[in-house]
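What follows is one structure encoded as structure tokens, with my remarks underneath.
The values are calculated or read from the model by the stated rules, or taken from the named source; none is laboratory data. Computed from a predicted structure; not experimentally measured. Glycine gets a Cβ as well: all are built from the backbone with ideal geometry, and neighbour counts include every protein chain shown.
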Amino acid sequence: MKKPKTIPVDLIAPCGMNCRLCWGYIRENNSCPGCLRIANQESQKSKHRTTCIIRDCKHLANGPAKHCSDSCARFPCARLKQLDKRYKAQYGMSMIENLNIISESGIRDFIRTEKEKWSCPDCGDLICVHKPTCLGCGYSWN
């Protein structure tokens, strides 16, 4: 089953990850539904997908906030900084930058920019941040 080219609002994780670009979401076998969608399917998923320190943060659970940058005095916390550092180095994506854009411009503008930023220049499919080639046409950006 091919994933849609759209990026639904509920596929932007609390940490700022665009789940639509994540290999865990894109892959066909044992795919993840996305961090904000996982609550309905926790019993079906492996432990590492159901016990995310950031997604399960008590500061998110105690209010209406959906993202770490929503009114959290600890933003960015040490765990988010660690994740951000790894993703910037390995994949060229900054979760903290994503959350700052969401806070400044809103989720819909962020999603519009994500579509432009992460579309394959050859076929237009949304790419996977974890893979060096387009899963739709094989275009390589390395």
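Among the numbered conditions (1) at pLDDT 90 or above; (2) part of a loop (DSSP other than H, G, I, E, B), tell me where Ser31 comes up short.
If we test Ser31 against (1) at pLDDT 90 or above; (2) part of a loop (DSSP other than H, G, I, E, B), just (1) comes out false.
Inside the stretch 120-135, can you point out the residues that are surrounded by fewer than 16 Cβ atoms within 10 Å (Cβ to Cβ) and either among the charged types (D, E, K, R) or without any contact (Cβ under 8 Å) to a residue 60 or more places away in the chain (or both)?
The answer is Pro121, Asp122, Cys123, Lys131, Pro132, Thr133.
Which ones in the stretch 65-84 are under 15 Å from the mean Cα position of the chain (by Cα) and either among the hydroxyl-bearing types (Ser, Thr, Tyr) or closer than 18 Å to Ile107 by Cα (or both)?
Lys66, His67, Cys68, Ser69, listed by residue number.
Are there any pairs with C-beta distances below 7 angstrom linking a residue in the stretch 81-99 that is within 17 Å of Pro14 (Cα to Cα) to a residue that is basic (Lys, Arg), with the two at least 6 apart or on different chains, and if so which?
Ser94/Lys88
Just a yes or no: is a residue in the stretch 104-111 of a type outside the set (D, E, K, R) and not in a helix (DSSP H, G or I)?
yes
Taking Cys72, is it touching a helix residue (DSSP H, G or I) at 6+ places or on another chain (Cβ under 7 Å), in a loop (DSSP other than H, G, I, E, B) and at pLDDT 70 or above? First the steps, then the outcome.
On the way: touching a helix residue (DSSP H, G or I) at 6+ places or on another chain (Cβ under 7 Å): yes; in a loop (DSSP other than H, G, I, E, B): yes; at pLDDT 70 or above: yes.
Yes; evaluated as a whole, the condition is true for this residue.
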